[in-house]
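J.: Here it is, the structure in full.
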Amino acid sequence: MLFIIIAGGDEAGRGAVLGPLVVSIVAIKKGKEGRLIDIGTRDSKMLSGRKREYLYDEIIGLSDDFSVFHISPAEINQSMRSNISLNELEAIYFARALDSISVDISKLYLDSPDVVQERFGRRVGIISNKPTREAARGKKGSGQKRGVTLISEHKADMKYPVVSAASILAKVERDREIERIKESVGIDFGSGYPSDRKTVGAIKESMKSRVLMPYLREEWQTIANIRQLRMTDFFG
């Protein structure tokens, strides 16, 4: 019997100022897609941490393969200094994740961060070592018979259960890493997002000791604002 395998890709931590950006791809037989819905798979942002942890193991059990990559703050900082955008860096890692999947994927649905949603999938396809094609080119008579069809859309994590599954794996992996960092530095800095007062307060307090510096995205405007405030306080 020939099985059609589909996959979804999503990230967690894109807008954070502290900690890694995590990308994930989940590959699953199309016939199992309904099982993802049955166990409660949804966009990770709509689930509690406890539910995500439960679904993490369930999703891995249902998947035919999966891949998770962590992009460190140091690499994000270096990329931005080299004029490599976050979209470009994310595409590089999604391509690596796709290349690491051992099963033959028919379609890969990606949650696109690009203003032009199709452009993100195009980038992933160009970088990947696997043969790929855009959804619009996958029609009969296109001349290309093989390859992963890339479908890159905004809010794909809310449209496709397999993308929701990838978002859960990425979110759980990032949350676990954030807890590991907290334990390592001995500081509870909250979620790591600039909208979190606890995060911003912890960064301000740690500027002198620099204990959080290895985990910060130094090129973020949030960090520039904090440094400016410290200079103002010093000379004020």
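The values are calculated or read from the model by the stated rules, or taken from the named source; none is laboratory data. All values derive from a computational prediction rather than experimental measurement. Cβ coordinates were reconstructed from backbone atoms using ideal geometry, including for glycine residues, and neighbour counts include every protein chain displayed.
J.: Within segment 188-228, track down each residue that is closer than 26 Å to residue 45 by Cα, part of a helix (DSSP H, G or I) and of a type in the set (D, E, K, R).
T.: 197, 198
J.: Restricting attention to segment 132-140, does a residue exist that is modelled with pLDDT of 95 or more and either touching a strand residue (DSSP E or B) at 6+ places or on another chain (Cβ under 9 Å) or not assigned by TED's automatic domain parsing to the domain that holds residue 13 (or both)?
T.: yes
J.: Here is a follow-up. Go through (1) closer than 30 Å to residue 28 by Cα; (2) outside the structural domain of residue 10 (by TED's automatic domain parsing); (3) hydrophobic (A, V, I, L, M, F, W, C) and name the single condition residue 168 misses.
T.: Unmet condition: (2).
J.: Further, regarding this structure: Residues of segment 141-158 being at pLDDT 95 or above and assigned to a loop (DSSP other than H, G, I, E, B), which ones?
T.: 154, 155, listed by residue number.
J.: Report, by residue number, each residue of segment 13-36 that is closer than 18 Å to residue 69 by Cα and either in contact with a Cys (Cβ under 8 Å, 6 or more places away or on another chain) or assigned to a strand (DSSP E or B) (or both).
T.: 18, 21, 22, 23, 24, 25, 26, 27
J.: Which of the residues belonging to segment 148-204 are closer than 16 Å to residue 13 by Cβ, surrounded by fewer than 17 Cβ atoms within 10 Å (Cβ to Cβ) and in contact with a Lys or Arg (Cβ under 6 Å, 6 or more places away or on another chain)?
T.: Once the filter is applied, which keeps residues that are closer than 16 Å to residue 13 by Cβ, surrounded by fewer than 17 Cβ atoms within 10 Å (Cβ to Cβ) and in contact with a Lys or Arg (Cβ under 6 Å, 6 or more places away or on another chain), segment 148-204 yields nothing.
J.: Scan segment 80-99 for residues that are surrounded by 17 or more Cβ atoms within 10 Å (Cβ to Cβ) and basic (Lys, Arg) and report the count.
T.: Adding up the residues that qualify gives 1.
J.: What's the total number of residues in segment 17-40 that are surrounded by fewer than 24 Cβ atoms within 10 Å (Cβ to Cβ) and either under 18 Å from the mean Cα position of the chain (by Cα) or not basic (Lys, Arg) (or both)?
T.: Total meeting the criteria: 7.
J.: Report, by residue number, each residue of segment 46-98 that is under 29 Å from residue 32 (Cβ atoms), part of a helix (DSSP H, G or I) and free of Cβ contacts under 8 Å to residues at least 12 places away in the same chain.
T.: 46, 50, 51, 54, 57, 61
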